[in-house]
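Before we start, here is the structure in question, set down as structure tokens.
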Amino acid sequence: MIRLFSFCFEVFLAGSFNLVGQTTNKEAEDALAKGLKAYENNKVEAAIKLYTKAIKLDPDFAEAYYNRGEANSY
């Protein structure tokens, strides 16, 4: 019984770590992708606005926070 519980807990943890920083919100993903493209083209202010849009669409979207922070430090 303890082995089964331990196995289930490990599977749960593995699945949880896979979701950290990701989003299921398609609009937020699109805003992030556009922000990354803008940043690649040295349009930093546009990228920051797009990252902020992604964050507003999904406040738990860690990747958008990270990229906005990187762009703000540019």
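Nothing in this text is a laboratory measurement; each read-out follows from the coordinates by a stated rule. Treat the numbers as computed from the prediction; the structure is a model and nothing was measured. No Cβ is skipped: glycine too gets one built from the backbone with ideal geometry, and neighbour counts run over all protein chains shown.
Put a dot 7 Å past each Cα toward the Cβ at GLU45 and TYR66; how far apart are the dots in nm?
Result: 2.8 nm between the two label points.
Can you tell me how much longer the chain between SER73 and LYS37 gets when fully stretched, taken as 0.36 nm per residue apart minus their C-alpha distance, in nm with one decimal?
This chain segment gains 11.2 nm when fully extended.
If you find the alpha carbon centre of the stretch 43-74 and of the stretch 21-39, how far apart are they in angstrom?
Their Cα centres are 9 Å away from one another.
In addition: Can you pull the three principal axis extents for the Cα set of the stretch 24-74, in Å, largest first?
Computed over the Cα atoms, the extents are 27, 17, 12 Å.
Here is a follow-up. Which residues in the stretch 25-41 have a backbone N closer than 13 Å to a point placed 7 Å from the Cα of LYS56 along the Cα-to-Cβ line?
Backbone N within reach: 28, 31.
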